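Participant: Mind looking over this structure? Questions follow.
Here, each number is a calculation from the coordinates, and none is a lab measurement. Because the structure is a prediction, the values reported are computed rather than measured. Methodologically, a virtual Cβ is constructed for each residue, glycine included, from the backbone with ideal geometry; neighbour enumeration extends over all protein chains shown.
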Amino acid sequence: MADRISVNSASKLSEAITRLTNAYREHKFVVVSLRPGKDRTLDQNALWFSLYQRIAHMTQIGEVEDARRYCKLHFGVPVMRRDCAEFRDGWNRMFLHLDYEQKLHLMGECSLFGPDGFPVTRLFSRAQGVEYTDRIVAEFSGRGVVFSDLLSEESA
């Protein structure tokens, strides 16, 4: 059982203290790690979702989920294959032989990988996430999609 909570308000602090107290009462031993700062994952995921929405709205790619699948396959997979030997070897053994439509399908909700599809973006480091965002923006800006309003709100 590993719980994680971001404390960014008095109510979240109270919730964290309550959870810690309850865990201590139940188990008598609890390991606690603290790290100051903001969890960028939620912000980055929100930005990506906004990018996918914009792409879906301003292109013929399809729905938001179609844009997400496309971006994961076209931009995320190459980053992971380049940077992670384990990922590259696994991808090459298990997925490289599949046709494009099958690969695209696996990037989204499917029975094999669940609601988020094949894990790509959740494996990213911060730098890989920034590169992914930059690749999406570069590709789709060239197709006339405007992202400047979304990127000006980005909080790194």
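Participant: Whole-Hz ³J(HN,Hα) for each residue in segment 16-21, computed from phi via Karplus 6.51 cos²θ - 1.76 cosθ + 1.60 with θ = phi - 60°, x for glycine and proline: what do you get?
Facilitator: 5, 5, 4, 5, 5, 4
Participant: Mind jotting down a quarter of the surface of the convex hull over the alpha carbons of the chain, in square nanometres, one decimal? The partial results should precede the final answer.
Facilitator: Numbers: hull surface 48.6 nm².
Orientation-averaged projected area of the Cα hull: 12.1 nm².
Participant: Kirkwood hydrodynamic radius, segment 1-92, all distinct C-alpha pairs: what's the number in Å? Write down the numbers at each step before the final one.
Facilitator: Values: mean 1/r = 0.0590 Å⁻¹.
Radius from the Kirkwood sum: 17.0 Å.
Participant: Give the distance, in whole Å, between the Cα centre of segment 60-109 and the Cα centre of segment 121-139.
Facilitator: 14 Å
Participant: Still on this structure, I have one more. About the Cα centre of the chain, how large is the charge dipole given +1 on each Lys and Arg Cβ and -1 on each Asp and Glu Cβ? Please answer in debye to the nearest 20.
Facilitator: I would put it at about 540 debye.
Participant: On to the next question. If each DSSP helix of 4+ residues adds -39,500 (n - 2.57) and the sum is divided by the residues in the chain, what number results at 222 nm, nearest 500 deg cm²/dmol? Could you put the intermediate results ahead of the total?
Facilitator: Details: 8 runs with 90 residues, N = 156.
Mean residue ellipticity, 222 nm, calculated: -17500 deg cm²/dmol.
Participant: Determine the relative contact order of the chain: mean sequence separation of Cα pairs under 8 Å and six or more apart, normalised by residue count, in whole percent.
Facilitator: Working: 102 pairs, mean separation 34.0, N = 156.
That works out to 22 percent.
Participant: Where in segment 48-156 are there chymotrypsin sites (Phe, Trp or Tyr not before Pro) that are in a DSSP coil and have at most 16 other Cβ atoms within 10 angstrom of their Cβ? Don't jump to the answer; show the numbers that get you there.
Facilitator: Numbers: sites: Trp48, Phe49, Tyr52, Tyr70, Phe75, Phe87, Trp91, Phe95, Tyr100, Phe113, Phe124, Tyr132, Phe140, Phe147; in loops: Phe95, Phe113, Phe124, Phe147.
Those satisfying the criteria are Phe95, Phe113.
Participant: Taking the Cα centre as origin and putting +1 on Lys and Arg beta-carbons and -1 on Asp and Glu beta-carbons, what dipole magnitude results for segment 5-74, to the nearest 20 debye? The partial results should precede the final answer.
Facilitator: Values: 11 positive and 7 negative charges, 60 e Å.
Computed charge dipole of segment 5-74: roughly 280 debye.
Participant: Here's something else I'd like to know. Spelling out what I want: for every residue of segment 91-102, take phi, set θ = phi - 60°, compute 6.51 cos²θ - 1.76 cosθ + 1.60 (Karplus), and round to whole Hz; glycine and proline get x.
Facilitator: Rounded to whole hertz, the list is 4, 4, 6, 9, 10, 4, 6, 5, 6, 3, 4, 5.
Participant: Which longest uninterrupted range of the chain lacks any trypsin sites (Lys or Arg not before Pro) assigned by DSSP to a loop state (not H, G, I, E or B) and surrounded by at most 12 other Cβ atoms within 10 Å? Can you show the working numbers first?
Facilitator: Details: sites that count: Arg4, Lys28, Lys38, Arg143.
It runs 39-142.
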